[in-house]
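Enquirer: Got a structure for you, written out below as structure tokens; questions coming shortly.
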Amino acid sequence: MTSQPDRKALTRAAFAAAAVLTVVTVAGAAPGAGAAPASPAGTPKLKLIAASKAVTLDRWEGEPGVYLDLGTYVTVDGAPLELNVTRRSYKDPVVARQILRNGTHTTSRTLPAGLVKDFSGLPGFLEVSVKNAAGQEVTRSKGTFCPNNASGRLRPDAPATSHYPESCSTNPFTLGSVWGVEKGWAANSSTVDYDKPVDLPVGEYTAKVSVAKKYRDLFGIPDDHPTIKVTVRQTGDGGSGGGTSGGGTTGGGTAGQRAASPSAPSALSDPHAQHSQHSTGAGHAGHHFGPRGADAPTPGALSHALEARGLAHHLGDGLGHTDGSRVAPALRADGRRPTGRAGVPANVPKPDLRSLPAWDIAVTDGEDGDVPGKDYLAFSANVWNAGPAPLVVDGFRKPGADLMDAYQYFYDAHGKQVGYAPTGTMEWDPRIGHEHWHFTDFASYRLLSADRTRQVRSGKEAFCLANTDAIDYTVRNANWHPYNTDLSTACGQQNSISVREVLDVGSGDTYTQYRPGQSFDISDLPNGTYYIEVKANPAHRLQETDLKNNVSLRKVVLGGTPGARTVQVPPYDLVAAP
């Protein structure tokens, strides 16, 4: 993605980087000091600390408040802190189990029912009280603790790297997560909600932080109350400058996402950073291209071949194509094929693509390139890989060609390539908000009638693959550290000669409602019940272990009048996210 990240994205990245550096500098043990003795039965020792006695928070001009990152951490010693968080289906509640490791012996205990409600972390873990210079409390809040948050080592003999995931998923249809902090590490405990800044005027404050009693009792955490001096200062026009001395990031990911996963590379590296902020309204702070992104080609990005053929008008919905992703539907691929005979051994591991129900559903008034005065039903969608093998797709093109030939690659249990098969094409999408190579026929969207027998609208069929959301990190061969979590690692440049796109085991690829093409034109549809269908591998060009779990449906009820259409989204079993 070549679009510029917004200031909030830069702030997240700064928080994440500062967090690691700060924890290392405040380690209490001198170099060479030994680790704390192992706790009985592998029970970790947790403690709340403040990395600094004072932090400075920037209040950007035009912003409604500050992001209350105080640089507090939960330290872990004696044994790792590890939690497996799962649900059997969307009809079942979330269950969290603590994994206790003591050498080669592993046991577990189930956390109290209802304590953990989703996959974003431990809710109500951190309690924060902020008082002004006169000693009056001006804000009190509770925050969720994601153990996978920005973290760092406490001492030199701690493990050099963390093998746990780097975020907690905020995708509403996540199925399984692993949370953890290595022994001798600390995880940032601050919750920074970028949609809800705290309204603190410029001035001096005192913040007192503590862990909620239910968690102190559950994990044996001392009743400490770190106190931090907070300076709020005015900063610029929101474009640059300033920072925090505390550091930290929420580690939410999702979501969106292309958030967000969801959860968590910073938004600088988030695959779809511009649309990873969830919203059900038509507008959104920090989104610069309208409700779902821009739908116009970057100047100069449209290939000369397409301009010569007069195909520029194919950007956007229209006859003979879907949402504009298929920029050159009439062109035939003529790329350089891999050497050797195509073939796939019968017993080779394959991916298992599955679609999640649509969410983040809202009626919008369209975007750049859409017809003025029309109503659009926008939504977010995700296709994920349940494994046991990653989906690996390479694209190759002959010099000067507009399309790439795409091939799916297969590997044995040792990671050795053992086969490949032709699987369609890739094409360059020049629109702002995309500007990368799309693999065609990865998924499709359809709006179905109430009886689910008639298609009333069709949608996108071409995608750049990236591991945006951790959907289920408890499945076999799940990769907790996928490489291509952002478009810069996956989707190539306009002048690329070849591209590799990967959807790793356990991860999904989310396109949120802020992306061009994530909508149906509903202007002429009567009010009533419909279903949004998300279908993985619609043409069955990709080889996978199971083709029977590729389709998901989400019920919506349209109402209102033209120009003021409404949508109601019933819960999906226990998932209430619209």
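This table checks each residue for (1) of a type in the set (D, E); (2) modelled with pLDDT under 95.
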position	(1), (2)
E61	yes, yes
V74	no, no
T86	no, no
G103	no, yes
V116	no, no
G121	no, no
V138	no, no
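Enquirer: Which of (1) out of contact with any Gly (no Cβ under 8 Å at 6 or more places or on another chain); (2) within 21 Å of D217 (Cβ to Cβ) does V85 not meet, given it meets every other one?
Expert: Here V85 meets the rest and fails (1).
Enquirer: Here's a follow-up. Restricting attention to region 464-481, which residues are touching a strand residue (DSSP E or B) at 6+ places or on another chain (Cβ under 9 Å) and either over 8 Å from G506 (Cβ atoms) or open to solvent by 30 Å² or more (accessible area, probe 1.4 Å) (or both)?
Expert: Correct list: C464, L465, A466, N467, T468, D469, T474, V475, N479, W480.
Enquirer: Inspect all residues belonging to region 189-210 and state whether any of them is open to solvent by 30 Å² or more (accessible area, probe 1.4 Å), closer than 30 Å to T474 by Cβ and out of contact with any strand residue (DSSP E or B) (no Cβ under 8 Å at 6 or more places or on another chain). Please lay out each step first, then the result.
Expert: Of all residues in region 189-210, those open to solvent by 30 Å² or more (accessible area, probe 1.4 Å) come to 191, 193, 195-199, 201-202, 204, 206, 208.
Imposing the further condition that a residue be closer than 30 Å to T474 by Cβ reduces the set to 191, 193, 195.
Next, from what is left, pick out any that are out of contact with any strand residue (DSSP E or B) (no Cβ under 8 Å at 6 or more places or on another chain): 193, 195.
Yes, region 189-210 has at least one match.
Enquirer: Go through region 397-452 and tell me which strands (runs of 3 or more DSSP E), entirely inside it, have 1 or more residues that are modelled with pLDDT of 90 or more and within 29 Å of the chain's Cα centre (by Cα). Can you show your working first?
Expert: Details: elements: 403-411, 417-429, 436-440, 443-448.
Fully inside region 397-452 and qualifying: 403-411, 443-448.
Enquirer: How many residues are part of a strand (DSSP E or B) and of a type outside the set (G, A, S) if we restrict to region 58-115?
Expert: Residues in region 58-115 being part of a strand (DSSP E or B) and of a type outside the set (G, A, S): 28 in total.
Enquirer: Confirm whether G124 is in a strand (DSSP E or B), under 26 Å from H481 (Cα atoms) and not charged (D, E, K, R). Walk me through it before giving the result.
Expert: Numbers: in a strand (DSSP E or B): yes; under 26 Å from H481 (Cα atoms): no; not charged (D, E, K, R): yes.
In short, no.
Enquirer: Just to confirm my filter: which strands (runs of 3 or more DSSP E) fall fully inside region 500-578 and include at least 3 residues that are surrounded by fewer than 21 Cβ atoms within 10 Å (Cβ to Cβ) and more than 26 Å from the chain's Cα centre (by Cα)?
Expert: Strands (runs of 3 or more DSSP E) meeting the threshold: 551-561, 564-568.
Enquirer: Still on this structure, I have one more. For P159, indicate whether it is open to solvent by less than 30 Å² (accessible area, probe 1.4 Å) and in a loop (DSSP other than H, G, I, E, B). Reasoning before the result, please.
Expert: Working: open to solvent by less than 30 Å² (accessible area, probe 1.4 Å): no; in a loop (DSSP other than H, G, I, E, B): yes.
Criteria not met by P159.
Enquirer: Additional query: Could you tell me whether any residue of region 197-212 is touching a Leu at 6+ places or on another chain (Cβ under 8 Å), of a type in the set (S, T, Y) and either at pLDDT below 95 or within 21 Å of G152 (Cα to Cα) (or both)?
Expert: So far as region 197-212 goes, yes, one or more of its residues are touching a Leu at 6+ places or on another chain (Cβ under 8 Å), of a type in the set (S, T, Y) and either at pLDDT below 95 or within 21 Å of G152 (Cα to Cα) (or both).
Enquirer: Could we say that R88 is open to solvent by 30 Å² or more (accessible area, probe 1.4 Å) and within 30 Å of P357 (Cβ to Cβ) here?
Expert: Against the criterion (open to solvent by 30 Å² or more (accessible area, probe 1.4 Å) and within 30 Å of P357 (Cβ to Cβ)), R88 qualifies.
The values are calculated or read from the model by the stated rules, or taken from the named source; none is laboratory data. This one's a predicted model, so the numbers in the text were calculated from it and none came from an experiment. Every residue, glycine among them, receives a Cβ derived from its backbone with ideal geometry; neighbour counts consider all protein chains shown. Surface accessibility is based on the protein's heavy atoms, side chains included, excluding ligands, DNA and RNA. Shrake-Rupley method; radii C 1.70, N 1.55, O 1.52, S 1.80 Å.
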